[in-house]
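A.B. asks: Okay, handing you the structure first.
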Amino acid sequence: MRYSTKTQLLSGSAIVAAGLLFSAAAMAQNVSVAFSASELGATAYNPVAASTLNTATSLIYDRLVEQDADQSYHPHLATSWEETADGMAWTFSLLEGVTFHDDTPFNAAAVQSWIASYAGTENEYLVEAIGSVDVIDDLTVRFNMDRPEPNLLYNLASAFMGIPSPTAFAELGDNFGVTAAVGTGPYELQSFEIGLETVLVRNEDYIWGSDLSENTGPGHIETFTFREIPDQSTAFLELRTGGIDLLLGVPTDFLQILEAEANIQIIQMPGVGISYMPINVTAPPFDNILVRQATGMAIDQEGIVAAIYNGVGAPAHNFLISSLPEADVDPDLNVTYNPARAGELLDEAGWVMGDDGVRVMGDERLTVSLYTANTTELTRLTQVVQAQLGEIGMEAIITVFDSSTIRDEYRNNAHQLAVRSYDWNNSDILDWFFSGNRLGYPNVSMWEDEEGQRLNDVAMTESSTSAERIANFTAYHEYVLSQHLFVPIYQPTQNIAFNATSISVPDPVRGSRFRGQSFMDIQVVE
Amino acid sequence: MILRYTFQRLLMLIPVSFSISVVIFMIVYLLPGDPIDNLLRVGSSPEDRAELVAQYGLDRNLVVQYFVWIGNMFQGEFGQAIVLRRPVADLVAQNLPYSLTLGGLAFLFSSTVGMTLGTISAIVRHPVLDRFMRGFILLGSTVPGFWLALLLILFFSVNLGWFPVSGAGGWKSLVLPVLTIGFGGVALVARVTRVALLDAQREDFVTLLHAKGLSSRTILFRHLMPHALLPVVTILALRIGWILGGAVTVEFVFGRPGLGSLLIRALGQRDYPVVQACLLMLALAVMLGTLIGDVAQASMDPRIRERKA
């Protein structure tokens, strides 16, 4: 009996020990992630000052609020908030017991100094409506607004509004985010080799995850290694061979091949941007609105989605992603394929069809320049656009530039047409690309218009409520569309692929992008 | 004699280095684009721009800028990267070991394998082997690096699972990049070795050596090889410059860091100090390679050092 008991005890202990070891092995596992092509090249993990951030940033820093896929806002480091009726003050209650990775406390004073740190940075626009921040008590702050800002919660949920440790931020200066990055997030920065990889290690003290994650405690995974793999084909092969577990931003071309792989699962999320063709309204023949309108009607968005993207994603008929309410414009203003009408408009503008299929006006041929940046997906799209413009008698000459040179070309007003894309899920993108204050770049259309600027200013600064903001931006959007400043082409999906034999990924994905909240629920598959 | 020759060659490098440094300094100003544009906030005023330009010393006379730059270079002070926001020396130090390892191994691989194959094909006169070698040399000289890299990944990493697809961790991650870069070099070195040996075999002194009754092996290793090595050394010396910067495509496909990748990234962002430092390193490598080649040739062939000394 004694022997038996001892054996049972030993067996039991062995099982418990094995279980613990097993569990420890699972907990100790590293998960490798490859950034999407659009995330490559981040030079610092500094949400306050950086112009480019990647997904790892959302694991180092928490935000006051989080945005879900349905555009609703959820508490995170702010447990609740209240806006005054006139929109001139916002009061936020902060979560208690939160500490930064350097063990300094997160409190109202930290929020106050954090907001102040945006002054003079690239990202200052995010807080420019905030006049001052009052510390009411240790866990309550009040934002006194210079003007109502219905977009404040959106801004606060942005990756650029992750909250850094004020102590580390002050001590490190320009090196903050380069040599060290200190936030309150579920993972701490262990190493950052620019252009190569970032290693994050679990914050064992973390117990303040938002309700967008099932797991609000420390992350399941001990370390995440984020790799920068510049060649998309290589990244795809790494996933196939188990070199990485998770690939963010799978190119649409690879989806069919990946779907055939038994161990690979794909998550598709609604896109947060569009591909489009801006038209330089100051460059003849596009100074004639009829030519611009005809150009828009030459592009077969549905055909492009089917031919280039295998039906994945959606055609774009105006400038905003379709999940935004401001995208719901007067249907007559949407840009749609109509080559016959395009031909009539060009005839009306004086461009008649020549013998060789290129339109002419007198001795002048309808030959235009078509610029694009040197990424494979945009280059292919540009070639199809070139062919479709050719169908209406417009000869487009493609020139491919690197990203720095093409901006110079825009600034020098040397362009006519260009194929570009953007990622932004807010209607204020209209201000970014069409404000007369940013001619050349990012206002590639070179559009300067009194009424347009008035509508822009109203939408950006004179909206008191969310409903008012939607109405104002819709009006501005409709006016922009009526001027034929660009041709919308394609709304891609966000594609994420993972190795289902090594990790499990939350389904459905919460949030508008696959970032921190989803990583919290990633688990190792045993 | 060889020391005097080496000293003369070193002296000649001074004007060459000066000319190269001027070209490197000026070339970045001829590029379209501006690093300040990458730093400026959109919608910034001309005053903001002027402030940044002054901060990085770009408002000074070009001649002054050049002498400040070259003076700093002599002291090993590469400056601060404008866009990457780190000391340039740190960026170079981070990437240089990867380039040296990859380039050095590829150089070693292409030299040894190339010379061995070239020698075999020159001494073993078999039509099948000859055709194989000609085909191999043609393939090696023409196959694009990125295509070969993908082919090797598909075969060795995806199908066989022997090596990682990409990355820079451990010796295994070096095998496929070394094979990719080395393949072209192997073909080139093999071709030059083969032609040089075949030419040497037709020299009168070889007939004399045979007549004296020396064995073929002795003739090959003691008399033919030193004679045939001269052009091979020239080719190898020129490839030393490649060690640092010749692997850009391969670094891209295999997701490896390196000086070539750093240069491309810095060029894309018009990060002048980084571009200048990288170009200077590459130019130095080429000059060093040429110097080593010249000295090696001179030490092997007295006619060269006597003619040039």
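A.B. asks: Of the conditions (1) under 18 Å from the mean Cα position of the chain (by Cα); (2) within 14 Å of another protein chain (Cβ to nearest Cβ), B:S141 satisfies every one except a single condition; which number is it?
C.D. replies: So the condition that B:S141 fails would be (2).
A.B. asks: If the Cβ limit is 6 Å and pairs must be 6+ apart or interchain, which residue in region A:393-410 that is within 9 Å of another protein chain (Cβ to nearest Cβ) pairs with which residue that is surrounded by fewer than 19 Cβ atoms within 10 Å (Cβ to Cβ)?
C.D. replies: A:D402/A:N374; A:D402/B:G268; A:S404/B:G268; A:T405/B:P32; A:R407/A:Y441; A:D408/B:P32
A.B. asks: Can you tell me which residue within region A:263-276, out of those that are of a type in the set (A, V, I, L, M) and outside any loop (DSSP other than H, G, I, E, B), is modelled with the lowest pLDDT?
C.D. replies: Out of the qualifying residues, it is A:M269.
A.B. asks: May I pose another question? Against the definition (within 14 Å of chain A (Cβ to nearest Cβ), open to solvent by 70 Å² or more (accessible area, probe 1.4 Å) and modelled with pLDDT of 80 or more), how does B:Q94 come out, yes or no?
C.D. replies: No; evaluated as a whole, the condition is false for this residue.
A.B. asks: Something else: Looking only at region A:52-80, which residues are surrounded by fewer than 17 Cβ atoms within 10 Å (Cβ to Cβ) and closer than 17 Å to A:F35 by Cβ?
C.D. replies: Within region A:52-80, just A:T52 meets the criteria.
A.B. asks: Is there a residue in region A:96-103 that is within 14 Å of chain B (Cβ to nearest Cβ) and in contact (Cβ under 8 Å) with a residue 40 or more places away in the chain?
C.D. replies: no
A.B. asks: Counting only residues that are open to solvent by 50 Å² or more (accessible area, probe 1.4 Å) and either touching a Lys or Arg at 6+ places or on another chain (Cβ under 8 Å) or part of a loop (DSSP other than H, G, I, E, B) (or both), how many does region B:70-91 have?
C.D. replies: 4
A.B. asks: In the list B:H227, B:H223, which residue meets the criterion of being surrounded by 12 or more Cβ atoms within 10 Å (Cβ to Cβ) and touching a residue at least 24 places away in the same chain (Cβ under 8 Å)?
C.D. replies: Result of the check over B:H227, B:H223: B:H227.
A.B. asks: Pull up region A:187-206, narrow it to residues that are free of Cβ contacts under 8 Å to residues at least 40 places away in the same chain and away from chain B (no Cβ under 14 Å), then point me to the one that is least open to solvent (accessible area, probe 1.4 Å).
C.D. replies: Of everything passing the filter in region A:187-206, A:Y206 is least open to solvent (accessible area, probe 1.4 Å).
A.B. asks: Any residue at all in region B:255-263 that is in a helix (DSSP H, G or I), open to solvent by 30 Å² or more (accessible area, probe 1.4 Å) and of a type in the set (A, V, I, L, M, F, W, C)?
C.D. replies: Within region B:255-263, none of the residues are in a helix (DSSP H, G or I), open to solvent by 30 Å² or more (accessible area, probe 1.4 Å) and of a type in the set (A, V, I, L, M, F, W, C).
A.B. asks: Can you tell me which of (1) open to solvent by less than 20 Å² (accessible area, probe 1.4 Å); (2) closer than 19 Å to B:A89 by Cα; (3) at pLDDT 85 or above; (4) out of contact with any Cys (no Cβ under 7 Å at 6 or more places or on another chain) is the one B:R270 doesn't meet?
C.D. replies: (3) is the only condition that B:R270 fails.
A.B. asks: Let me ask something additional. Count, please, the residues in region A:430-454 that happen to be more than 14 Å from chain B (Cβ to nearest Cβ) and of a type in the set (K, R).
C.D. replies: So the count comes out to 1.
A.B. asks: Confirm whether B:G213 is within 14 Å of another protein chain (Cβ to nearest Cβ), outside any helix (DSSP H, G or I) and among the small types (G, A, S).
C.D. replies: The answer is no for B:G213.
A.B. asks: Test A:T184 against the criterion of being closer than 26 Å to A:Q71 by Cβ, part of a loop (DSSP other than H, G, I, E, B), polar (S, T, N, Q) and open to solvent by 40 Å² or more (accessible area, probe 1.4 Å), and give yes or no.
C.D. replies: no
A.B. asks: Which residues, taken from region A:410-420, are open to solvent by 10 Å² or more (accessible area, probe 1.4 Å) and under 22 Å from A:V291 (Cα atoms)?
C.D. replies: A:N413, A:A414, A:Q416, A:R420
A.B. asks: For region A:219-252, give me each residue that is without any contact (Cβ under 8 Å) to a residue 60 or more places away in the chain and either open to solvent by 30 Å² or more (accessible area, probe 1.4 Å) or more than 14 Å from chain B (Cβ to nearest Cβ) (or both).
C.D. replies: Result: A:S233, A:R240, A:T241.
A.B. asks: Moving on. Sort through B:T249, B:T193, B:T234 and tell me the only one that's surrounded by 21 or more Cβ atoms within 10 Å (Cβ to Cβ), in contact with a Gly (Cβ under 7 Å, 6 or more places away or on another chain) and in a helix (DSSP H, G or I).
C.D. replies: B:T193
A.B. asks: Taking B:A283 as the residue in question, decide whether it is within 17 Å of B:Y29 (Cα to Cα), at pLDDT 85 or above and away from chain A (no Cβ under 13 Å).
C.D. replies: no
A.B. asks: Among the numbered criteria (1) open to solvent by 30 Å² or more (accessible area, probe 1.4 Å); (2) in contact with a Gly (Cβ under 6 Å, 6 or more places away or on another chain); (3) not in a loop (DSSP other than H, G, I, E, B), which single criterion is violated by B:G140?
C.D. replies: (1)
A.B. asks: Output the residues belonging to region B:157-183 that are in contact (Cβ under 8 Å) with a residue 24 or more places away in the chain, more than 13 Å from B:G103 (Cα to Cα) and in a helix (DSSP H, G or I).
C.D. replies: Once the filter is applied, which keeps residues that are in contact (Cβ under 8 Å) with a residue 24 or more places away in the chain, more than 13 Å from B:G103 (Cα to Cα) and in a helix (DSSP H, G or I), region B:157-183 yields only B:S173.
A.B. asks: A further question follows. I'd like the full set of residues that are under 30 Å from A:I244 (Cα atoms) and more than 12 Å from chain A (Cβ to nearest Cβ), limited to region B:231-258.
C.D. replies: B:I243, B:L244, B:G245, B:G246, B:A247
A.B. asks: Restricting attention to region A:96-114, which residues are surrounded by fewer than 19 Cβ atoms within 10 Å (Cβ to Cβ) and at negative phi?
C.D. replies: Those that are surrounded by fewer than 19 Cβ atoms within 10 Å (Cβ to Cβ) and at negative phi: A:E96, A:T99, A:D102, A:T104, A:P105, A:A109, A:Q112, A:S113.
A.B. asks: Given the condition over 19 Å from A:N30 (Cα atoms), within 14 Å of chain B (Cβ to nearest Cβ) and free of Cβ contacts under 8 Å to residues at least 24 places away in the same chain, answer yes or no: does some residue in region A:262-284 qualify?
C.D. replies: So far as region A:262-284 goes, no, none of its residues is over 19 Å from A:N30 (Cα atoms), within 14 Å of chain B (Cβ to nearest Cβ) and free of Cβ contacts under 8 Å to residues at least 24 places away in the same chain.
A.B. asks: Search region A:124-141 for residues being assigned to a strand (DSSP E or B) and in contact (Cβ under 8 Å) with a residue 24 or more places away in the chain, and hand back the single one that is surrounded by the fewest Cβ atoms within 10 Å (Cβ to Cβ).
C.D. replies: Per the criteria, the residue is A:D137.
One line per residue, one yes/no per condition, for (1) surrounded by 22 or more Cβ atoms within 10 Å (Cβ to Cβ); (2) in contact with a helix residue (DSSP H, G or I) (Cβ under 9 Å, 6 or more places away or on another chain):
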residue: A:P442; (1), (2): no, yes
residue: A:E448; (1), (2): no, yes
residue: A:Y479; (1), (2): no, yes
residue: A:L485; (1), (2): yes, yes
residue: A:I503; (1), (2): no, no
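A.B. asks: What do you reckon, is B:L214 of a type in the set (A, V, I, L, M), open to solvent by 40 Å² or more (accessible area, probe 1.4 Å) and without any contact (Cβ under 8 Å) to a residue 24 or more places away in the chain?
C.D. replies: yes
A.B. asks: So B:D90 fits all but one of (1) under 17 Å from B:Q276 (Cβ atoms); (2) under 21 Å from the mean Cα position of the chain (by Cα); what number is the exception?
C.D. replies: Every listed condition holds for B:D90 apart from (2).
A.B. asks: Related question: Within region A:144-155, identify whether any single residue is within 14 Å of another protein chain (Cβ to nearest Cβ), closer than 30 Å to A:D457 by Cβ and open to solvent by less than 40 Å² (accessible area, probe 1.4 Å), and answer yes or no.
C.D. replies: Within region A:144-155 (the criterion being within 14 Å of another protein chain (Cβ to nearest Cβ), closer than 30 Å to A:D457 by Cβ and open to solvent by less than 40 Å² (accessible area, probe 1.4 Å)), the answer is no, since none of the residues qualifies.
A.B. asks: Determine whether region A:164-179 contains at least one residue that is at negative phi, crowded, with 20+ Cβ neighbours inside 10 Å and within 21 Å of the chain's Cα centre (by Cα).
C.D. replies: yes
The values are calculated or read from the model by the stated rules, or taken from the named source; none is laboratory data. For clarity, every value in this text was computed on a predicted model and none was experimentally measured. Cβ atoms come from the backbone with ideal geometry, glycine included; neighbour counts cover every protein chain shown. Just so you know, the surface numbers come from the protein's heavy atoms only, side chains and all, with ligands and any DNA or RNA stripped out. Shrake-Rupley method; radii C 1.70, N 1.55, O 1.52, S 1.80 Å.
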